Each structure stands twice: as structure tokens, then as C-alpha cells.
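To keep things clear, I will list the structure first and then write my remarks on it.
Read-outs throughout are calculated quantities, based only on the coordinates presented, and are distinct from any laboratory measurement. Predicted model only: the values in this text are computed from it and were never measured. When we count neighbours, we look across all protein chains shown, and the Cβ atoms used for this are built from the backbone with ideal geometry, even at glycine.
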């Protein structure tokens, strides 16, 4: 019975996510579902991305958290249109939550919508929200064994951002092992090694999101 219930929940979410996606397509908005564990660097990546895209693209942000609006306050400081969604305990955002959130935006004034999902390496991967791409960020301190432990997150992601590479000299992290495991799980995934602190590698990410946005709008 539990399996049937879960299936119904996912099917219902699929319908709403498709409706969201249709609306985004009509408005010419490129949507990123940014996923990763707590502390991986999602919000700092967002801040860096907003600084880069300033005066280039109009960006809206949905911040998903179980509680508090701290991340949304950080993002709003960059003058981005920001909506906070508190799940009250749920470990992910779903299509219905995002549908409620986008009602707070003027969608005609947005080119890119970035949804920072709740910090978790499991649940967010299962729920579509109407995005064009899922992007996963993981940090070096989390360890190099995550592709094997959390394969679904890697399977559904278009891009894997390996953050905090400035810490590699101080940690036992096997880059070759990590990259090999990640590509075995998802051979089509692009992997970018970055440091949101130093800025290393971020140019590749900036180029990727700009190219995807342009492609989506054409």
C-alpha cells in the first residue's frame, strides 16, 4: 500500500510540474532546480551567479527551506526578486509549492528562475518542479563516496558542481575516483570543479547557464 501511495504522490506532482513547465515556456523563462546537501554552498553559488548575471539577465529566485528566511535575505540583498518557501518539515520542494511561489513574481520581468531546493541529497531528486535542468552542488568535505551512496541525485542532474576545491590539499578526497563514479552513474552529466570562495572554475558555470538560457529563449 505504501508503494501505491508514493506512486500517486509522484504522479500528481508530475502533472503540476508539467503545468509549471508549460507556463515557464510560454514566458520564455529558463528554470534551474539547484540541489545539494546543507552546507554544500548553494546560497553562496547563487550570490556569485547573481553578481555575474547582473545587468545581463533578469533573475528570480525561490528559496526553499524547512524554516527561517535567512538565505532569502542574503539573496534579496543582491536586488534579485526573491520568494521564500518554508516547507515546515518537508525535505524538498515540489511542483505545487513552486506553483504557489511563482504567483509572487511578475514573470514577464524574469529571464532565469533559480530554485534553491531544501538541503538534502535524496528527496529533491524525486520531485520535478517544472525545471529545464537540475543542477547538483556537492562539496569536497562531504567525501568522494557520494555518487555510490546517492545515485538518483547524480542520475537526474545535468551538471555536477564540485565545490570547495580550495580544500583539496587538506582533505582525503580522491578526485579521479569521484569523477569516475559520478560518470558511471550518469555519463551525460557535466562536471565542473569550482570554489565559490576563491572563484576558481566559476567561469565555466557562468558560461553554461548563459548558454542554456539563450538556447531556452530561442
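For the stretch 141-218 versus the stretch 1-77, the spacing of their alpha-carbon centroids is 18 Å.
Spin-label model, residue 8 to residue 211: label points 7 Å out along the Cα-to-beta-carbon direction sit 4.4 nm apart.
Which shape class applies to the chain: rounded if a/c is under 1.5, otherwise prolate when a/b exceeds b/c and oblate if not, where a ≥ b ≥ c are the square roots of the Cα gyration tensor eigenvalues? Note, shape of the chain comes out oblate. Relative contact order of the chain, please, whole-number percent, based on alpha carbon pairs below 8 angstrom and at least 6 residues apart. The normalised contact order for the chain reaches 25 percent. With each label modelled as a point 7 angstrom along the Cα→C-beta vector, the residue 122-residue 155 pair spans 1.6 nm. Estimated from helical segments only, the mean residue ellipticity of the chain at 222 nm is -12500 deg cm²/dmol, where each DSSP H run of four or more residues counts as -39500 (n - 2.57). Ranked by the mean number of other Cβ atoms within 10 Å of their residues, highest first, the peptides 84-96, 121-133 fall in the order 121-133, 84-96. Take each peptide in 38-46, 208-216, 156-164, count the other Cβ atoms within 10 Å of every residue, and average; sorted highest first, the result is 156-164, 38-46, 208-216. The label point for residue 18 and the one for residue 44, both projected 7 Å from the Cα toward the Cβ, are 4.1 nm apart. On the basis of the beta-carbon distance and an R0 of 25 Å, residue 70 and residue 166 show a calculated FRET efficiency of 0.55.
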